[in-house]
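Structure, as structure tokens:
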Amino acid sequence: TGGKKSQNRECSTVVQKTTLFITRYEYANLYHTYTDLYNLFLAMKVHADENYEGLELDPVQVVFLDGHSKSHMDELWVKLFRTKPTYVSDVPDKTCFKKAVLVAPGYTSPLSIFMMGKKSRKLGQCNLPPGNQFIKNFVQEFKQAFGIKPRSGKPTILLVSRHDYVAHPRSKPKSGTSRKFENEQELLGELANTFESKGYQVKLATFETMTMQQQIQAVSDSSILVGMHGAGLSHVLLKTIDGSESGNRGVVEIVPPSHSSSKHFEYLAQMADALPYLRITCGSANRNNEHYVDPIKLVEAVERLLK
């Protein structure tokens, strides 16, 4: 550095294939993991295929520059990029890289809410137009990597639950997960009573007890996705409009007063081929971090999407 010649330029190992280096921040959060994954995906496409043609990702090596512990998000990296990432602490001394690419952090991702207009946060200031080819390629790669099957059977209304969970090995058992449903069974019952007679099936998804593949398949199978504001709704990005009877009809986000200004998933819904999006509000949290949701308001929102 500083114009001085390095005293030690010998390489004991030279890595020939492209190596992408990335620093993860909120690594155990699904939303932020999606922004990291998309940035790395774009970097791969840029350096492997300037014309962005085709979908097959060339073999690369991924190196995490952070020192985070393992989490349930690790499966996403392995499946999507078909390689097990290496921690920089495990890279031997004097390792040289023929082609090294530094990937931008997730906060700067085109998918990130932080890259919208900083003052107004208006969706009209999105970085990417709905249905952008980059997004479509990313979604297609994602579904292919996880072996997601085409939807079949009755159209589904999927209610995503929120329960206490352990995010990663260093975290304590989480008993205070925020934004849980106070009246989950009432909501399921009202949805079933209203829509099952109209040919829809109503299902509950508890992501905390499901594998990533099961989560993605459940969301892909759903016609309407319903959930409380939370990282689990990030899967909405993988939904695209196919125009079929059981196709994607949209997403209903339930938003508590504390998150009334948050547009994260409305933004992702727009990126997902301009997926129809509605939001309803719920009451403030009780002492158990649970929110009461008016079942009539929820049914009315779903009915609006089905019209």
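The values are calculated or read from the model by the stated rules, or taken from the named source; none is laboratory data. Bear in mind the structure is a predicted one, so any value in this text is a computation, not a measurement. Don't worry about glycine lacking a Cβ; one is built from the backbone with ideal geometry, like all the others, and counts go over all protein chains shown. What goes into the accessible areas is simple: the full protein's heavy atoms, side chains included, and nothing from ligands, DNA or RNA. Shrake-Rupley method; radii C 1.70, N 1.55, O 1.52, S 1.80 Å.
May I ask you to list the residues in the range 29-49 that are of a type outside the set (S, T, N, Q) and open to solvent by less than 20 Å² (accessible area, probe 1.4 Å)? L30, Y31, Y34, D36, L37, Y38, L40, F41, A43, M44, K45, listed by residue number.
Please work out if E196 is open to solvent by less than 50 Å² (accessible area, probe 1.4 Å) and among the acidic types (D, E). Criteria not met by E196. Taken together, the residues in the range 64-112 that are of a type in the set (V, I, T), farther than 30 Å from M271 by Cα and open to solvent by less than 50 Å² (accessible area, probe 1.4 Å) amount to 3. Is it the case that T13 is touching a Ser or Thr at 6+ places or on another chain (Cβ under 8 Å), at pLDDT 90 or above and crowded, with 17+ Cβ neighbours inside 10 Å? It is false that T13 is touching a Ser or Thr at 6+ places or on another chain (Cβ under 8 Å), at pLDDT 90 or above and crowded, with 17+ Cβ neighbours inside 10 Å. Applying the criterion of at least 2 residues that are open to solvent by 50 Å² or more (accessible area, probe 1.4 Å) to the strands (runs of 3 or more DSSP E) found wholly in the range 218-307 leaves 277-281. Somewhere in the range 199-206, is a residue under 19 Å from the mean Cα position of the chain (by Cα), in a loop (DSSP other than H, G, I, E, B) and modelled with pLDDT of 90 or more? Checked against the condition, which is being under 19 Å from the mean Cα position of the chain (by Cα), in a loop (DSSP other than H, G, I, E, B) and modelled with pLDDT of 90 or more, the range 199-206 yields at least one hit. For the range 62-83, a residue qualifies if it is more than 16 Å from the chain's Cα centre (by Cα) and either among the aromatic types (F, W, Y) or more than 27 Å from K136 (Cβ to Cβ) (or both), and the qualifying residues are V63, F64, L65, D66, G67, H68, S69, K70. Figure legend. Inter-residue proximity from the range 134-156: first residues farther than 15 Å from V236 by Cα, second residues surrounded by 19 or more Cβ atoms within 10 Å (Cβ to Cβ) and among the β-branched types (V, I, T), beta-carbon distance below 7 Å, spacing 6+ or different chains. Indicated pairs: F146/I216.
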